[in-house]
Each structure stands twice: as C-alpha cells, then as structure tokens.
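The values are calculated or read from the model by the stated rules, or taken from the named source; none is laboratory data. These numbers come from a predicted model, not from an experiment. Every residue, glycine among them, receives a Cβ derived from its backbone with ideal geometry; neighbour counts consider all protein chains shown. Note: areas computed on protein heavy atoms with side chains; ligands, DNA, RNA excluded. Shrake-Rupley method; radii C 1.70, N 1.55, O 1.52, S 1.80 Å.
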Amino acid sequence: MASTPPRSSRHRVHVVSDVHGNARDLARAGEGADALICLGDLVLFLDYADHSRGIFPDLFGEANADRIVELRTARRFEEARAFGAELWGGIEGDRFTAIEKAVRKQYAELFAAFPTPTYATYGNVDMPQLWPEYAGPGVTVLDAQRVEIGGWTFGFVGGGLRTPMRTPYEISDEEYAAKIEAVGEVDVLCTHIPPEVPELVYDTVARRFERGSRALLDAIRRTRPRYSLFGHVHQPLARRMRIGATECVNVGHFARSGRPWALQW
C-alpha cells in the first residue's frame, strides 16, 4: 500500500457515481472538497424510477418506456430486444446517430458542470469515444490508471462487464481483469462496478443481480486498499461492507440524492 501522509495533512474529496443527467447537483458536488471524483454513468438513457426521463422516453414516449422496463425487470431480454428493434425501426435515420445526438446534448451540459479539479472514469452506459471532446482542462479522465491526491494513490478502472442489456461500454472479463492488474496496489480503488459480492451487486428495486467483478474482488483481497469505491447498483442490499482491511462503499446514489460521498484523511 502507499505510504500514509503526514498526520498534519487534511484532505477531502467528494465522490459521485451514476449521475444520470443530474447536472444541477453535479455543479455543486465539489463544494468544500479539494477534488471531485466521478465514477461514471453520466448519461441518462432510461430512469427505472421515473419512466418519463431519459433518451428512451424522449424518443419513444413514456408508455413504451413502461413496457421496456417491465420486460427487462422480468428478465425477458429477448422480448425486450425485439420490442426495442421494432421501435427503432420507426426512427428516421440510423439508431447510432440518434443516440449519439442525444448523448452529446447531455455531455455538453454535464461536463460543463464539473468543478476543477475532477477525476473521472467511464460507466457502462457512457460513450468513451466522445469524452475527449467535452473534458476540459480541469477534468482528468482515467482508466486503468493511477493518480496521487493528497499523498494517497487512487486507481481508476471504468466500464462494465458484458450483460444481456448490451449497454455501450461493456467489455470482456479478461479485458477488465487486465485493467485491474494494471492499476496495482493503491490506497483507494475507484471503479464503476462493484466487486462480485451478492450483497453489493443485487439491486432491490430492479430486482436483479447486476454484474460485479471477480477480478476486482480478488484484487481487494490481495492488495488490501484502504477503500474500494464504486457505483452501478443504484439500490443495493448493502451500501457498505468490509472485505478484510478494505472498506467497500457504494456511491451510486447521486442521480436521486444529489449528494456526493465524502472521503477525508
């Protein structure tokens, strides 16, 4: 592990994940902190709590959003894909162009709201290829990389693992494990998805297990960071738990609460 900073030091960072379009609160999320950390999922494609919000209902209406949520929640993914394909067939132009246009509109607002400095990584619904166009000088984008903040080393791994949902930034287990390995030993391990622990990956509202990472869990046990911070699961069975010496914290409530999680040392 990285060395402990001098006892006289006082540092504070605010951590958010799963912003999902909440630019208003994002603009205030860094107040009182030395830095803001964002663990991804800036885009709001479909709000499972309010089906009127997001790119999907903007394109297809709230009734169709109700139906797609119903199918996905019931894990009827093939029916959901068929229903979605039928809806997209009625959109003028190609699907990717329509989604990219909507995402760009959200990114313009969200990246403008980031305070300086912000350290950010991608979520599974993000489009990493667009980030360089919107990340200004005060925003450092990190993936499979480390940065020092206040004498502590923070490691960042973005994206999610492959699922039947087929969200934009899902990668193979092998690629994800390689990114975890590249980060190595750190004080704070920052990822979008949680370690593969049932209490941390089950969403009590969506009523399903999301994908967590076994490689992340193994790295936590092996390298013993002070903290493992993540989001992705919006309403988990457990928001915090200890794995050996590591405090694991889900910070993926920002879209609804508008409040960052604070880390002080």
Part-to-part distance (alpha-carbon centres) for segment 242-265 and segment 109-157, which is given in Å
17 Å
Starting from one equal scatterer on each C-alpha and no solvent at all, send me the Debye-based log10 I(q)/I(0) for segment 105-158 at q = 0.21, 0.22, 0.27 Å⁻¹, two decimals.
-0.81, -0.88, -1.19
Kyte-Doolittle cut-off -0.5, length cut-off 24 Å along the helix's own axis using Cα: show which whole DSSP H helices in the chain pass.
95-113
How would you rank 121-132, 23-34, 95-106, 182-193, highest first, on the average number of other Cβ atoms within 10 Å across their residues?
182-193, 121-132, 23-34, 95-106
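Helix-only mean residue ellipticity at 222 nm, the chain, DSSP H runs n ≥ 4 weighted -39,500 (n - 2.57), per residue, nearest 500. What is it? Intermediate values should be presented prior to the final figure.
Details: 10 runs with 86 residues, N = 265.
For the chain, the value works out to -9000 deg cm²/dmol.
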Under a plain spin-label model, where a point goes 7 Å from the Cα along Cα-to-Cβ, how far apart in nm are Glu181 and Arg214?
1.5 nm
Amide N of segment 214-240 lying under 11 Å from the label point, which is placed 7 angstrom from the Cα of Thr204 along Cα→Cβ
235-239
For the chain, whose charge dipole is built from +1 on Lys and Arg Cβ atoms and -1 on Asp and Glu Cβ atoms, the candidate among Gly151, Phe209, Leu229 with its Cα farthest towards the positive end is Gly151
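Stretch Thr116-Asp66 to full length: gain in nm at 0.36 nm per residue minus the Cα-Cα span? Before the final figure, lay out each step's value.
On the way: separation 50, 0.36 × 50 = 18.00 nm, distance 3.81 nm.
Stretched fully, the Thr116-Asp66 segment lengthens by 14.2 nm.
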Report relative contact order for segment 110-265 in percent, whole number only (criteria: Cα-Cα under 8 Å, sequence separation at least 6).
18 percent
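Assigning unit charges at the beta carbon (Lys, Arg +1; Asp, Glu -1) and nothing else, what dipole magnitude in debye, to the nearest 20, does segment 15-121 show about its Cα centre?
Magnitude of the dipole: close to 120 debye.
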Once you charge only the Cβ atoms, +1 for Lys and Arg and -1 for Asp and Glu, what is the size of the charge dipole of the chain about its Cα centre, to the nearest 20 debye?
840 debye
As a test question: what accessible area, to the nearest 10 Å², does Arg221 have when a 1.4 Å probe is rolled over all protein chains in place?
140 Å²
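Could you compute the FRET efficiency for Thr73 and Arg12, with r as their C-beta to C-beta distance and R0 at 41 Å, rounded to 0.05?
Working: r = 38 Å, r/R0 = 0.93.
E(calc), rounded to 0.05, equals 0.60.
Normalized C-alpha radius of gyration of the chain, against 2.2 N^0.38 Å?
Details: Rg = 18.2 Å, N = 265, 2.2 N^0.38 = 18.3 Å.
In units of the globular-protein estimate, the chain measures up at 0.99.
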Extended-chain gain in nm, criterion 0.36 nm per residue less alpha-carbon gap, Leu87 and Gln129
12.5 nm
